[in-house]
Amino acid sequence: MPDPSIAFICPTHNAGKLVEYTRSSLETFFETTPMGLAIVVDDASRNWPPRYETDLRLLAEKYPGSGLHIKRHTKPGGLTRSWNAGLSMAERLGVEYAIPANNDILFTPGWSDGLIRALASGYNLVGPVSNAPGVTAKGRQDVKKHLPEYELTDAGESLQRTAAALREKHSGKVLPSKVNGFFLMAAMSSWVKNKYSRTHFFRPVNRHMPSGRVNPDPLNCGNEDEWQSRAGKLGMKFGIALDSFIFHYRSVTRGSRHCKGAWFRKHA
């Protein structure tokens, strides 16, 4: 049976400052994902390095069977627009699975196995465990909750050991839960089924969170919460694959005030 086609939607912003993060995300994706397709969507970066696009294409060419598409917007529109654009392209390309995510993540060996099993078992949207998942799942995606001996590092060998330990300890386990937006995986059919409109998968502007409170960042935040709120009304199920690990640097586009917590930057 051929490997499934998986599209990683990788949004970029302030590209020049974050080249290393995006490149690492793409490289680890291609290394660990046969038939992997990356869709880079840039939110009008003013500091796009001259050889950046060429370098990313050369990176993709190192991995036979992989693919890379790059779309650049000329005016800023936020993360939600980038995800919508990436999902629209993924639908046109006919992929089996699509992952709207962040560009500051590292994929680990075997990352997709547990997620695909979870989707095949009846879940419609799934996410991995991580060192810095975010707040939507209220700690349920935190790797230390499921692997207490975890030590924070982005060293390759350590990431491999963490992934292997989670597979050994939690093979096949899925925790029913909403999923944080740093990494959202679903079959393309589920993304299409829960479209916000004919042209948008996510609501383009989230002025209010599902709780009703005013959203302070309507173009970038609340998108995963709003999507899951609508999907839940359709009977869709969400879960965390406890045997899948994705490392997350977290909020690298939002400045130094976001550097505190269980994560760190490549450049302190």
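The values are calculated or read from the model by the stated rules, or taken from the named source; none is laboratory data. Remember, predicted model here, so these are calculated numbers, not experimental data. Side chains included, ligands, DNA and RNA excluded: accessible areas come from the protein's heavy atoms. Shrake-Rupley method; radii C 1.70, N 1.55, O 1.52, S 1.80 Å.
By the gyration tensor of its Cα atoms, with a ≥ b ≥ c the square roots of the eigenvalues, what is the shape of segment 56-125: rounded for a/c under 1.5, prolate for a/b over b/c, or oblate?
Since a/c reaches 1.5 but b/c is at least a/b, the shape of segment 56-125 is classed as oblate.
Where the accessible area of segment 62-203 is counted over protein heavy atoms with a 1.4 Å probe, how much of it, in %, is carbon and sulfur?
50
Among GLN228, GLN160, GLN141, which one shows the highest mean-square fluctuation when the chain is modelled as a Gaussian network with alpha-carbon springs under 10 Å?
GLN160
What list of ³J(HN,Hα) couplings, whole Hz, do you get for segment 65-76 from phi and the Karplus terms 6.51, -1.76, 1.60, once you set θ to phi - 60° and write x for glycine and proline?
Ordered by residue, 3J(HN,Hα) equals x, 8, x, 9, 10, 10, 10, 10, 8, 8, 10, x Hz.
Scan around ARG72 for amide H atoms under 5 Å from its own, H built in the peptide plane at 1.01 Å from N, and keep only partners 5 or more places away or cross-chain.
ASP42
Each residue of segment 106-122 in turn: what ³J(HN,Hα) in whole Hz from Karplus with 6.51, -1.76, 1.60 and θ = phi - 60°, glycine and Pro shown as x?
Couplings: 10, 7, 10, x, x, 4, 7, 4, x, 5, 5, 4, 5, 5, 5, 8, x Hz.
Counting heavy atoms of the protein chains only and a 1.4 Å probe, report the per residue accessible area for the chain as a whole number of Å².
46
Any idea of TYR150's accessible area? Nearest 10 Å², probe 1.4 Å.
TYR150 exposes around 20 Å² with every protein chain in place.
Based on the alpha-carbon gyration tensor of segment 73-189 and its eigenvalue square roots a ≥ b ≥ c, which shape applies: rounded if a/c is under 1.5, prolate if not and a/b is larger than b/c, or oblate?
Note, shape of segment 73-189 comes out prolate.
Which cross-chain or sequence-distant (5 or more) residues have an amide H under 5 Å from the amide H of ILE9, H modelled 1.01 Å from N in plane?
Long-range HN contacts for ILE9: ILE39, ILE99, ALA101.
How do ARG207, ARG92, ARG72 stack up against each other in accessible area, from largest to smallest, with a 1.4 angstrom probe?
ARG92, ARG207, ARG72
Kindly identify the chain as rounded, prolate or oblate by the Cα gyration tensor criterion: order the square roots of the eigenvalues as a ≥ b ≥ c, call it rounded if a/c is under 1.5, otherwise compare a/b with b/c, prolate if a/b is larger, else oblate.
Note, shape of the chain comes out rounded.
Would you compute the Debye intensity of segment 134-236 from its alpha-carbon atoms alone, equal scatterers and no solvent, and pass along log10 I(q)/I(0) at q = 0.10, 0.14, 0.16 Å⁻¹ to two decimals?
-0.39, -0.70, -0.85
Do you know the relative contact order of the chain, to the nearest whole percent, from alpha carbon pairs under 8 angstrom that are 6+ apart?
24
Given a 10 angstrom Cα cut-off, can you work out which residue in GLY212, GLY65, GLY16 is the most mobile in a GNM of the chain?
So, out of GLY212, GLY65, GLY16, the one fluctuating most is GLY212.
Give me the percent of DSSP beta bridges within the chain that run antiparallel, rounded to the nearest 5.
The antiparallel proportion sits near 30 percent.
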